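Comments concern the structure below.
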Amino acid sequence: MKLHELKKPAGSTFKPKRKGRGTGTGNGTTSGRGMNGQNSRSGGGVRLGFEGGQMPLYRRIPKRGFTNHFRTDYVAVNVESLNIFEDGTVVTPEMMIEAGLAKAITGGIKILGSGELKKNLTVQAQKFSNSAIDKIVAAGGKAEVV
């Protein structure tokens, strides 16, 4: 069986109801909207969240908190994951993305000090933790803020 030979199971799809096509169809005259009222009119109906004048749910629930739209999100990369690079390499944020250590640089990369670094590397990133700087320098490398 190939993709172009696939067929839908019988009864899995239905034709849409053709409203307003005469009384014999069962959906003529009012077209399933009932006799009178707001919803029978063209353009009728209420907005999303409207509860007939009762205080809507999204206004009844208490609001809390604050979202800072100006914050910068850093991608965290641990020191031990830098061991994949060769000795003496200058590790840039672009190289970390190519190696799969970070998906994308949105606000920048922060190097954290979890694990052990066994290679002599010059690491370039937007931020470093103090323990990460200590471990990079102890391995004989340098930590450069970009």
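The values are calculated or read from the model by the stated rules, or taken from the named source; none is laboratory data. Predicted, not measured: the structure shown is a model, and the values here were computed from it. Here Cβ is always computed from backbone atoms with ideal geometry, including for glycine, and neighbour counts include all displayed protein chains.
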Taking only pairs six or more apart or across chains, which ones have beta-carbon atoms under 6 Å, a first residue in the stretch 9-20 that is surrounded by 10 or more Cβ atoms within 10 Å (Cβ to Cβ), and a second residue that is of a type outside the set (Phe, Trp, Tyr)?
Lys17/Asn27; Lys19/Asn27; Lys19/Ser31; Lys19/Gly32; Gly20/Ser31
Consider Val123 carefully, then state whether it is surrounded by 16 or more Cβ atoms within 10 Å (Cβ to Cβ) and of a type in the set (Val, Ile, Thr).
yes
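This table checks each residue for (1) in a loop (DSSP other than H, G, I, E, B); (2) at pLDDT 95 or above; (3) more than 41 Å from the chain's Cα centre (by Cα); (4) surrounded by fewer than 10 Cβ atoms within 10 Å (Cβ to Cβ).
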{"site": "Asn27", "(1), (2), (3), (4)": "yes, no, yes, no"}
{"site": "Arg33", "(1), (2), (3), (4)": "yes, no, no, no"}
{"site": "Gly43", "(1), (2), (3), (4)": "yes, no, no, yes"}
{"site": "Pro62", "(1), (2), (3), (4)": "yes, yes, no, yes"}
State all residues of the stretch 72-103 that are farther than 15 Å from Leu117 by Cβ, assigned to a loop (DSSP other than H, G, I, E, B) and in contact (Cβ under 8 Å) with a residue 24 or more places away in the chain; if no residue qualifies, say none.
Thr72, Asp73, Tyr74, Thr92, Ala102, Lys103
Where the second residue is among the aliphatic types (A, V, I, L, M) and the first is part of a loop (DSSP other than H, G, I, E, B) and lies in the stretch 130-142, which pairs have Cβ atoms under 6 Å and are six or more apart or on separate chains?
Ala139/Leu117; Gly141/Leu121
